[in-house]
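A.B. asks: This structure is in structure tokens; I'll ask about it shortly.
All of the numbers you see were taken from the coordinates with simple rules; none came from a lab. Everything numeric here is computed off the predicted structure, so don't read it as measured data. Virtual Cβ from ideal backbone geometry, glycine too; neighbours counted across all protein chains shown.
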Amino acid sequence: MADLTTDSAGAPRLRGARDPASGACHFPFRPLSTDGSLRPCTEIALSDRGILYTWTRFAGRFYGQVDLPEAVRIQTELGEGPHDIGAPYRLDIAPDGAGWRFVRD
Amino acid sequence: MTEVFVVSGGAVPVSSKHPLGSGRVLARQAGVAALQDAGLTYADMDALYCGVAMPTSPAAVLVGKEFGLTGIPVVQVTNASASGLAAIHAAADAMRAGGADRVLVIGYDVPTTLDDPIAAQGYLPPPALFGMWARRRMHDCGTTPETLARIAAKNINNARAIPFASRRPDHAVTVADVLASRPVADPLTALMCTQWVYGAAAVVLCTRKGLDSLPRPPATVARLEAAEFRSEEPGPHHIIEGAIVGPPAITRAAADAALARAGRRREDLDAVQIHDAFAIEELVYYELLGFAPEGGADALAAQGAFGPGSRDRFGLPEFSTDGGLIGRGHPGGPSGVFQAIETLRRFRTTADRLALCHMLGAGSTCLAQVWGRVDL
């Protein structure tokens, strides 16, 4: 899956990008920096844990935004509730690798 | 600099009942209405600009054939929800460049299938995004569902007087009505959200030369004093991909730039038409546009600010005076064109002298246009 990579220990992580000049991180991976200078970004494995910024329920499914330590906000489907702003969440990858979401940690 | 005016408008009703594939017909009907309002024909047009959001709506060049084969440039502008206002922006640019004195601008959207173009791209449903906006706002500012319901009720009640609005209830909608409507994306209920609808709207734009040569000069027109077209710039925790509407600050940047270029102050605005697809947006935009301090819009809205009589009572403009995207409806491409039509209607029928139109396009773009009244 294009959204995923592995960390140094081989664990699956979201595949992000870091601008080597500014240090800014992004998701999903992007090849070039956001300032238009055409500076290549490097691929990084993003943290698999973050803090829930907000959430809602729509059509029977939970959605949320999770802030990672790299100052990246992930817009994602969530696992079952209850959900609380400020609570810790972790990346949850489907066993067959077909999808990912965040669940309460 | 070449002046650009809206001199006339026309539209078909916004509705979910238009048959799939009827985009050419609806666009023709709206275009003919706008041309007839100006006393013009398609043969008088120097260009056709079309704002179209949905991928299976008809191509602009096919819509042009509905009016005639006159050899004029036909330009299609696609920028999600902002397509209609972006088409006006592009047409005005062409007119200032000297390429045209009379331009027909049509916003239309009627797809050929029921496929959801947002879901097809793998993006989160927009109601979920704005439900998340609302929940965070409640956390940060103590916003209540009643505040969101008050905004939605205002807009739906504004739409009751608009013939082509999608929501025209036969009774005044109350806060309780909005709160009792079907839950959509907690805390948003159905009446706090725009509907999935289709439609077409058109305006005729003229330069001063085009205006002076009209066979039936109107008493009042709207002059484009300044326009700003922005895409997103990164900020903290910026979400880059999705059916998103940028960092909210994109609204502030675009509106501030447009007002500055026009040499106008926000305090002078009589009416503001905005991208109120969800009630939480309008609440946030009160503040981003500088009409309330951060977290301060709830109290103003509770007192009736931004609704009918807001200018006299609070010194603040009225918002979404034709019902906005919640009340009049948000058929995609037409929405920005409807804002221009509403601006002209207000200039023709009220004491308004200055207005702001604002639309966001998922992805993200933001347009802000400052319109001034001109009595001929």
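A.B. asks: Is there a simple number for the mean count of other chain Cβ atoms within 10 Å of the Cβ of residues in B:182-188, and what is it? Display every interim value, and only then the final one.
C.D. replies: Values: counts 0, 2, 4, 5, 5, 1, 2.
That works out to 3 on average.
A.B. asks: Let me ask something additional. I need the trypsin sites (Lys or Arg not before Pro) found in segment B:12-95, filtered to DSSP loop residues with at most 10 other beta carbons within 10 Å of theirs.
C.D. replies: Working: sites: B:Lys17, B:Arg24, B:Arg28, B:Lys65; in loops: B:Lys17.
For trypsin sites (Lys or Arg not before Pro) across segment B:12-95 that sit outside H, G, I, E and B with at most 10 neighbouring Cβ atoms in 10 Å, the list reads B:Lys17.
A.B. asks: Given contacts defined as C-alpha pairs under 8 Å and at least six residues apart, what's the relative contact order of segment A:49-104, whole-number percent?
C.D. replies: 33 percent
A.B. asks: Using helices alone, what [θ] at 222 nm do you get for chain B, with -39,500 (n - 2.57) per DSSP H run of 4 or more residues, divided over all residues and rounded to the nearest 500? Show your work: numbers first, answer last.
C.D. replies: Working: 14 runs with 139 residues, N = 376.
The per-residue figure over chain B is -11000 deg cm²/dmol.
A.B. asks: Of the candidates B:Ala82, B:Ala94, B:Ala255, which one comes out as most mobile in a Gaussian network treatment of chain B with C-alpha springs shorter than 10 Å?
C.D. replies: B:Ala94
A.B. asks: Sequence gap at least 6, Cα distance under 8 Å: using those rules, report the relative contact order of chain B to the nearest whole percent. Could you put the intermediate results ahead of the total?
C.D. replies: Working: 933 pairs, mean separation 102.0, N = 376.
Relative contact order comes out at 27 percent.
A.B. asks: Which percent of Cα-Cα pairs in chain B sits in each 10 Å bin, short to long?
C.D. replies: For chain B, the pair-distance distribution reads 6, 26, 36, 24, 7, 1.
A.B. asks: Can I ask one more? Let me confirm one metric for peptide A:58-67, namely the mean number of other chain beta-carbon atoms within 10 Å of its residues' beta-carbons. Please report the intermediate quantities before stating the final value.
C.D. replies: Details: counts 14, 5, 0, 3, 2, 8, 4, 8, 0, 2.
Mean number of neighbouring Cβ atoms from other chains: 5.
A.B. asks: Whole number please: convex hull volume per residue, Cα atoms of the protein assembly as shown, in Å³.
C.D. replies: On the way: hull volume 71.9 nm³, N = 481.
Each residue corresponds to 149 Å³ of Cα convex hull volume.
A.B. asks: For segment A:4-45, what does the convex hull of the Cα positions come to per residue, in cubic angstrom? Each step should come with its number before you reach the end.
C.D. replies: Details: hull volume 2.3 nm³, N = 42.
Spread over its residues, the Cα hull of segment A:4-45 gives 56 Å³ apiece.
A.B. asks: Further question: If you take the square roots of the eigenvalues of the alpha-carbon gyration tensor of segment A:49-104 and sort them as a ≥ b ≥ c, do you get rounded (a/c under 1.5), prolate (a/b over b/c) or oblate? Kindly include the intermediate steps, with their values, before the conclusion.
C.D. replies: Working: a/c = 1.76, a/b = 1.09, b/c = 1.61.
Oblate, because a/c is 1.5 or more while a/b does not exceed b/c.
A.B. asks: Using a 10 angstrom cutoff on alpha carbons, build the Gaussian network for chain B and name the most mobile of B:Ala120, B:Ala47, B:Ala185.
C.D. replies: Largest GNM mean-square fluctuation: B:Ala120.
A.B. asks: Another one. Give, as a single signed number, the net charge of other residues whose beta carbon lies under 9 Å from the beta carbon of B:His275, with Lys and Arg counted +1 and Asp and Glu -1.
C.D. replies: On the way: positive: none; negative: B:Asp276, B:Glu281, B:Glu282.
Residues close to B:His275 contribute a combined charge of -3.
A.B. asks: I'd like the antiparallel share, as a percent to the nearest 5, of DSSP beta bridges with both residues in chain B. Provide the component values of the computation, followed by the final result.
C.D. replies: Numbers: 39 of 54 bridges.
Of the beta bridges lying entirely in chain B, close to 70 percent run antiparallel.
A.B. asks: Then there's this: Which residue, A:Pro31, A:Tyr89, A:Ala45, has the largest displacement toward the positive end of the dipole of segment A:1-99 when charges sit on each Cβ (Lys, Arg +1; Asp, Glu -1)?
C.D. replies: So the residue we want is A:Pro31.
A.B. asks: Same structure again: Contact order normalised by length for segment A:4-45, with contacts defined as Cα pairs under 8 Å and 6 or more residues apart; what percent is it?
C.D. replies: Values: 74 pairs, mean separation 15.7, N = 42.
Relative CO of segment A:4-45 lands at 37 percent.
A.B. asks: Which GluC sites (Glu not before Pro) does segment B:268-376 hold that lie in a coil by DSSP with at most 15 other beta carbons within 10 Å?
C.D. replies: Values: sites: B:Glu281, B:Glu282, B:Glu287, B:Glu294, B:Glu318, B:Glu342; in loops: B:Glu294.
Of the GluC sites (Glu not before Pro), the ones in loops of segment B:268-376 whose Cβ has at most 15 other Cβ atoms within 10 Å are B:Glu294.
A.B. asks: Just want the ordering: B:Cys206, B:Cys193, from fewest to most Cβ atoms lying within 10 Å of their own Cβ. Write down the numbers at each step before the final one.
C.D. replies: Working: B:Cys206 27, B:Cys193 24.
Ordered from fewest to most neighbouring Cβ atoms within 10 Å, B:Cys206, B:Cys193 come out as B:Cys193, B:Cys206.
A.B. asks: Which of these, B:His275, B:His171, B:His89, has the largest mean-square fluctuation under a Gaussian network model of chain B (Cα springs below 10 Å)?
C.D. replies: Between B:His275, B:His171, B:His89, it is B:His171 that shows the largest mean-square fluctuation.
A.B. asks: Find how much the distance from B:Arg265 to B:Lys209 grows on full extension, using 0.36 nm per residue of separation minus their present alpha carbon separation; answer in nm with one decimal.
C.D. replies: Values: separation 56, 0.36 × 56 = 20.16 nm, distance 2.86 nm.
Value of the extension gain: 17.3 nm.
A.B. asks: Further question on the same structure: Within a 10 angstrom radius of each residue's Cβ in B:127-133, how many Cβ atoms of other chains show up on average? Whole number is fine. Can you show the working numbers first?
C.D. replies: Values: counts 4, 11, 6, 2, 6, 9, 3.
Taking all residues of B:127-133 together, the mean is 6.
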